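The numbers here are math on the coordinates, done by the rules we state, and not lab data. Treat the numbers as computed from the prediction; the structure is a model and nothing was measured. Note: ideal-geometry Cβ built from the backbone for every residue, glycine included; neighbour counts use all protein chains shown.
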Amino acid sequence: MKKTLIFSAALALGLIPAATNAQEAIRPVPAMRPAIKEIMENARQDIRAIGSTTRAEIKDIRTAASTTRVEFKEKVQEQRTDLKAEIETRKEALAQKRASTTAEIKAARLVEASRKATTHFQAESDRLSQIKSKIDTRMTKLSAAGGDVATAQADLAIAVSAMDAADVKIAAIASVDLNSSEAGTALKEASADAQKAVGDAQSALLKVVSDMRGAEASIKVN
């Protein structure tokens with residue numbers, strides 16, 4: 001097929017005379033063989049050159065494609081790294097915000113707990129003072145009626161001392177450092193101490209009341 005094409009080209013260029021029939025057309029003239037051979041060799045070289053150029057172009061394309069894939073991969077990796085860093089930054093900021101919010105809530109709760117405890121125990125102290133005031137009035141009347149109030153007066157002095165101790169414990173609640181890391185524990189302990197002190201004072205006052213009932217009974221008997 002190639003020989004036929006080359007021969008046709010040589011015929012068209014006038015390198016060989018026209019044949020009288022197809023058989024003669026495809027049979028090369030001996031004298032023209034070198035020329036035909038040269039034409040064929042040139043054609044082969046052209047084909048090789050085209051093939052070499054094509055392969056080089058394909059190689060360049062592949063190289064470019066490979067470079068593009070590498071650049072794309074690096075770009076994607078860079079974006080992933082940036083995204084990961086941004087996520088970590090946001091997580092840290094959110095954690096700090098949560099910690100700050102939690103600390104604020106905790107501080108607010110401690111302030112409220114301190115206020116409630118102080119208010120509650122101050123009310124208890126006021127109630128004890130009211131009881132003492134009634135005892136004083138009743139004891140005065142009992143003494144005027146000739147009742148023996150010596151024991152009641154001695155126990156009342158003990159009750160008053162207990163009331164003073166309770167007031168000290170109540171004041172300690174307001175003195176708790178709410179900014180301390182142990183503020184919650186300290187507040188609970190101070191409240192427990194105040195509760196016990198108030199109970200002791202109340203028991204002491206009840207002892208005075210019991211003493212006065214005995215004195216009243218002795219007057220009635222007499």
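Summing charges over all other residues whose Cβ lies under 15 Å from the Cβ of I170, with Lys and Arg as +1 and Asp and Glu as -1, gives -1. Applying the criteria of a DSSP loop state and at most 14 other Cβ atoms within 10 Å to the GluC sites (Glu not before Pro) of the range 90-193 yields E182. Amide H contacts of D148: none lie under 5 Å away among residues 5 or more positions distant or on a separate chain (H built 1.01 Å from N in the peptide plane; Pro and chain starts excluded).
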